[in-house]
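Encoded as structure tokens, the structure appears first; notes follow it.
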Amino acid sequence: MKNIILLLAAMLLTCCTKEGETLAQTKKEGTMTQKLYLTIGGVTKAATLVSNSSTEALVAQLQQGDITYEAHDYGDFEKVGPLGYSFPQNNTQITTVPGDLILYQGSNLCIYYDTNSWNFTRIGKLDNMTQAEIKTWVNAGGGNVSVTLSISKPTGISQIKAEASKSRAYTLTGTLAQAGHKGIVIQKGKKYIK
């Protein structure tokens, strides 16, 4: 009976330790006040960064401009792709959870939508997203996605374009001048008499 209780206690301790390791690792690293913004398919999500030399180097690179990379599915648990830069590694044994952002081999960023255990560098975690929301956002199992990383929140306005069609004419009251209108019109910022 004593052996069974000891065995059950050891199994319980093992199960709790894995969850505790992830929580302890996050607490040990601390978090940065700087947010990371990830955009996929025009939808931007925020992430809280952990504080380590890897994230400091990533933020320094992002201060020079956004990073866009192509990410693909790997192992039915992550979207991963090369960043085009190498960053310091702070690898530790980690069991990931959905939403974890992991630096792999110093130059690849992984967005986890399921769990995995390996020796990784934790970068951060997506804010307030369920596993289902993450899977939809990263198009889990649906092919490659383009991911843009930024340290400033995108405004949603990418650029302003002038209308490509022929220039319209407006009356002095600001209404669109109809075909055959007689009088003063404004077209391309200049006044004309028609």
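Some observations on this one:
- Assessment of the stretch 144-160 against the conditions (of a type outside the set (S, T, N, Q), over 21 Å from G65 (Cα atoms) and modelled with pLDDT under 95) yields no matching residue.
- Residue in the stretch 177-184 that is loosely packed, with under 10 Cβ neighbours inside 10 Å, part of a strand (DSSP E or B), at pLDDT below 95 and on the phi < 0 side of the Ramachandran plot present: no
- The stretch 101-117, residues that are open to solvent by less than 10 Å² (accessible area, probe 1.4 Å), over 11 Å from S54 (Cα atoms) and in contact with a helix residue (DSSP H, G or I) (Cβ under 9 Å, 6 or more places away or on another chain): L109, I111, Y112, Y113
- Cβ separations smaller than 6 Å between residues 6+ apart or across chains give the following pairs from the stretch 70-88 residues that are at negative phi and aromatic (F, W, Y) to residues that are surrounded by 14 or more Cβ atoms within 10 Å (Cβ to Cβ) and assigned to a loop (DSSP other than H, G, I, E, B): F77/D114; F77/N116; F87/G106.
- Residue list for the stretch 118-132, filter: within 13 Å of the chain's Cα centre (by Cα) and either among the charged types (D, E, K, R) or open to solvent by less than 60 Å² (accessible area, probe 1.4 Å) (or both): I123, G124, K125, L126, D127, M129
- Residues of the stretch 120-145 that are of a type in the set (S, T, N, Q) and within 18 Å of D76 (Cα to Cα): T130, Q131, T136, N139, N144.
- Selection status of G81, among the small types (G, A, S), open to solvent by less than 60 Å² (accessible area, probe 1.4 Å) and at pLDDT 95 or above: yes
- Lone unmet requirement of (1) over 19 Å from V59 (Cα atoms); (2) within 14 Å of the chain's Cα centre (by Cα); (3) among the aliphatic types (A, V, I, L, M) for V147: (1)
- Residues that are within 17 Å of T68 (Cβ to Cβ), of a type in the set (G, A, S) and in contact (Cβ under 8 Å) with a residue 12 or more places away in the chain within the stretch 31-51 comprise G41, A47, listed in sequence order.
The values are calculated or read from the model by the stated rules, or taken from the named source; none is laboratory data. Nothing here was measured: the structure is a model prediction, and the numbers come from that model. Quick reminder, even Gly has a Cβ in these numbers, built from the backbone with ideal geometry, and neighbours come from all protein chains shown. We work out accessible area using only protein heavy atoms, side chains counted, and drop any ligands, DNA or RNA first. Shrake-Rupley method; radii C 1.70, N 1.55, O 1.52, S 1.80 Å.
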